[in-house]
């Protein structure tokens, strides 16, 4: 029992698996982007370049550590550590190897959304504490972006929760698996709209291509990451990968519940990994297709279209549920 | 060569700085990143911030105007850092050597230049060759 517990915390679906998946997702992301652009992408480091993210990580760990004059050493130290620790914590709430997540309680969906807000605030703090004009500009943009995507993200995530009648991610997943619907258990059009909206907000949360104004390297050097070197940058890169994994996994477990994973326990991890990879590939593909939006365009899109749409979606889901029962 | 040596030789992130080039070398450096040559195969990422970079690629003769900026950018990079001088001008000043406004090549200003890639401008193949030489040097220890 104790060994099983330790195995699930440290090996699968615990730290070792999550870190390996995070590195794998970064490699996959770069490969998909390269394919879209008709390139090879990482190729020589390990078979097909699969060790590239690991090499980047180790190299960054071994680089010189610089904290600029005037920057807050405390924030620049604590921030990157928390940026890794928080998504790692949230990943424990996601059901991966079976019906139940490692940590499962009523309200784990709210906890995950809360952790996502905290990471966005940390990003702002790191940029602000760097004492650099470009980092401050990136931090302001990231804060503005957070104000735009956070509300529709939470509202959209509430739709599957409403249908399942629970705020626990495991329960939502279980409800869909038992409902037997491969895509979403409630009315298919609403499910599809909710899925697309959630993915849209996820891209903004991850600061990926249509919404990467906070770290736009062609305008503001590297945005809020400008002054970070060595270990701090390594941790932040890892934290971003973990957040990518978290949101891909969350999308998979909120929207892509499948009955097969509920029938047998050994199919569940395979099905989870495949669904997460599918979500990640979709996000990478979008990244390859899009150009960057200005921050005011991002704000306008979210406040004029996405937020009313997500409110309407929530209303429609509630009404549909009322009439169906 | 060790784990760290392997990691350093496997992920050289480059920063490209034009110290006054005519843009020919810059086009060739960018061409090395584009789909036909794609140096991301070797783990190269072009970064925007000197704080993230491992390799500084200098193109063009160092003018008196850009001299201080080149030094500052070099100092902002974290150790271990490497410098690649691409093109005849970055090596010696090229046809601009001896002009009243030119300090010569990158080696006249920076403490060290690890690899030079001659040419006016060098082809992307030559830049990749220079990068491979640099990586061999990195792998063998500093």
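Values for this structure:
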{"quantity": "Residues that are facing another protein chain (nearest Cβ under 8 Å) and over 30 Å from residue A:65 (Cβ atoms), drawn from the stretch B:35-52", "calculated": "B:35, B:38"}
{"quantity": "In the stretch B:22-32, residue nearest to residue A:42 (Cα to Cα) [restricted to those that are in contact with a strand residue (DSSP E or B) (Cβ under 9 Å, 6 or more places away or on another chain) and buried (at least 24 other Cβ atoms within 10 Å of the Cβ)]", "calculated": "B:29"}
{"quantity": "Criterion: over 25 Å from residue B:2 (Cβ atoms) and out of contact with any strand residue (DSSP E or B) (no Cβ under 7 Å at 6 or more places or on another chain) - qualifying residue of A:85, A:48, A:55, A:20", "calculated": "A:85"}
{"quantity": "Residue within the stretch A:180-189 that is at pLDDT 80 or above and part of a loop (DSSP other than H, G, I, E, B) present", "calculated": "no"}
{"quantity": "Selected residue (criterion: nearest to residue A:286 (Cα to Cα)) from residues of the stretch A:32-41 that are surrounded by fewer than 17 Cβ atoms within 10 Å (Cβ to Cβ) and either more than 9 Å from chain B (Cβ to nearest Cβ) or at pLDDT 90 or above (or both)", "calculated": "A:36"}
{"quantity": "Residue within the stretch B:76-99 that is within 14 Å of chain A (Cβ to nearest Cβ), assigned to a helix (DSSP H, G or I) and under 14 Å from the mean Cα position of the chain (by Cα) present", "calculated": "no"}
{"quantity": "Only one of A:48, A:20, A:16 that is under 16 Å from residue B:39 (Cα atoms) and surrounded by fewer than 18 Cβ atoms within 10 Å (Cβ to Cβ)", "calculated": "A:48"}
{"quantity": "Among the candidates A:315, A:322, residue that is assigned to a helix (DSSP H, G or I) and either under 27 Å from residue A:93 (Cβ atoms) or at pLDDT 85 or above (or both)", "calculated": "A:315"}
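Conditions tested, residue by residue: (1) buried (at least 18 other Cβ atoms within 10 Å of the Cβ); (2) more than 14 Å from chain B (Cβ to nearest Cβ); (3) without any contact (Cβ under 8 Å) to a residue 24 or more places away in the chain.
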{"residue": "A:43", "(1), (2), (3)": "yes, no, yes"}
{"residue": "A:54", "(1), (2), (3)": "yes, no, no"}
{"residue": "A:93", "(1), (2), (3)": "yes, yes, no"}
{"residue": "A:102", "(1), (2), (3)": "yes, yes, no"}
{"residue": "A:105", "(1), (2), (3)": "no, yes, no"}
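The values are calculated or read from the model by the stated rules, or taken from the named source; none is laboratory data. Given the structure is predicted, the values throughout are model-derived calculations rather than measurements. Note that we place each Cβ from the backbone using ideal geometry, even for glycine, and neighbour counts take in every protein chain shown.
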